Amino acid sequence: MSKDISIADVVVHLHPEHSCDDETKIEKDLRGHYGVVSVHFNTKEHPHAVVVAYNPDIVNSQEVLAEVRKCDKNAVMAGL
């Protein structure tokens, strides 16, 4: 029995004037989503982007985007 899991990454870009002013809330909500492995903002280099690693056998990129859009309805997805 293999214990390997698949990991996919997606970058979600927030609108520069997004309504959710708390990146901690976005991180918390994403980390609470079953299948999400890690969440990372790099506010110094890319202040409006969040990188999300997830298990595509459990969750898909559209679900990840929908979670972010709870805070920023104008968020868009870009693959890695």
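No lab work stands behind these numbers, since they all come straight from the coordinates. All values reported here derive from a predicted model rather than from experimental measurement. Heads up, the Cβs are rebuilt from the backbone with ideal geometry, glycines too, and the neighbour counts pull from every protein chain shown.
Some observations on this one:
- Model label sites at residue 34 and residue 15, defined 7 Å from Cα along the beta-carbon direction, differ in position by 3.2 nm.
- Helical contribution to [θ] at 222 nm, DSSP H n ≥ 4, -39,500 (n - 2.57), averaged over the chain, rounded to 500: -6000 deg cm²/dmol
- Relative contact order, percent, the chain [alpha-carbon distance under 8 Å, six or more residues apart]: 45
- Entries of 28/73; 44/70; 3/28; 3/70 with Cα pairs more than 22 Å apart: 44/70; 3/28; 3/70
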